[in-house]
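Shown next, in structure tokens, is the structure this report addresses.
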Amino acid sequence: AQSVAQPEDQVNVAEGNPLTVKCTYSVSGNPYLFWYVQYPNRGLQFLLKYITGDNLVKGSYGFEAEFNKSQTSFHLKKPSALVSDSALYFCAVRSAGTGGGNKLTFGTGTQLKVEL
Amino acid sequence: SAVISQKPSRDICQRGTSLTIQCQVDSQVTMMFWYRQQPGQSLTLIATANQGSEATYESGFVIDKFPISRPNLTFSTLTVSNMSPEDSSIYLCSVASGQVTYEQYFGPGTRLTVT
């Protein structure tokens, strides 16, 4: 079975400071990893993905994430946070193999609050 | 990425009634999914909507309660039947297309409140 853990329910950061939203995963075989963002009363927006290749992946709105196979982590980062980044962030995983179908498993979400 | 629309965007329904949610995609897609997001919680997959065959339901979800149709490669419906307050949630459809189904794209969601 595949699973995702987002250990922090909420992350607070001052505008202009770097931010990190943590994610660890468990999956059979190689993982495909994703980050999504949800603004209030909106659907989920795709931010970035790791499939293969470089461990550091860049996505939308200046976000990036680092894949660490030994630590089974895929933390979301941004060098300089903006108030407009305040939203709910979800990490998701699926197995690269076909056994799990195309099902994504989502973490419980981390509320990011960026303050002036 | 695909552009996905859902109707209605929100609704308030009485217990015991049913609501059908529509999901329309602007291009043909191989796979469509229906999720539920209960207040303050993560997303839970209800079922995979298969074109031309019955939907594949996840554990805890049954066809009688959540019948799904997928008449073509751009459209699907989810019905929430015999509703109770516990069905109050956001219902989201998502799509994954092509042979390389790496990421899913989500519709804006339908916010359902059952009174």
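Tell me which residues, restricted to region B:7-24, are under 27 Å from A:Leu88 (Cα atoms) and either crowded, with 21+ Cβ neighbours inside 10 Å or among the charged types (D, E, K, R) (or both).
Across region B:7-24, the qualifying residues are B:Lys7, B:Arg10, B:Asp11, B:Ile21, B:Cys23.
Would you mind finding the one in B:Gln38, B:Gln6 that is touching a helix residue (DSSP H, G or I) at 6+ places or on another chain (Cβ under 9 Å) and either within 14 Å of chain A (Cβ to nearest Cβ) or within 23 Å of A:Thr108 (Cα to Cα) (or both)?
The match here is B:Gln38.
Output the number of residues of region B:60-88 satisfying the condition of being outside any loop (DSSP other than H, G, I, E, B) and either free of Cβ contacts under 8 Å to residues at least 40 places away in the same chain or of a type outside the set (Val, Ile, Thr) (or both).
11
Residues to consider are B:Phe66, B:Phe33; find the one that is within 16 Å of B:Thr110 (Cβ to Cβ) and either more than 11 Å from every other protein chain (Cβ to nearest Cβ) or touching a helix residue (DSSP H, G or I) at 6+ places or on another chain (Cβ under 9 Å) (or both).
The unique qualifying residue is B:Phe66.
Going through region A:49-58 one residue at a time, which ones are of a type outside the set (D, E, K, R) and either in a strand (DSSP E or B) or within 11 Å of another protein chain (Cβ to nearest Cβ) (or both)?
A:Tyr50, A:Ile51, A:Thr52, A:Leu56, A:Val57 - these are the residues of region A:49-58 that are of a type outside the set (D, E, K, R) and either in a strand (DSSP E or B) or within 11 Å of another protein chain (Cβ to nearest Cβ) (or both).
Considering only region A:1-46, state which residues are without any contact (Cβ under 8 Å) to a residue 24 or more places away in the chain and surrounded by 12 or more Cβ atoms within 10 Å (Cβ to Cβ).
Of everything in region A:1-46, those that are without any contact (Cβ under 8 Å) to a residue 24 or more places away in the chain and surrounded by 12 or more Cβ atoms within 10 Å (Cβ to Cβ) turn out to be A:Arg42, A:Gly43, A:Gln45, A:Phe46.
Only the coordinates and a few stated rules stand behind these numbers; no lab work does. Since the model is a prediction, treat every value here as computed from it, not as a measurement. Here Cβ is always computed from backbone atoms with ideal geometry, including for glycine, and neighbour counts include all displayed protein chains.
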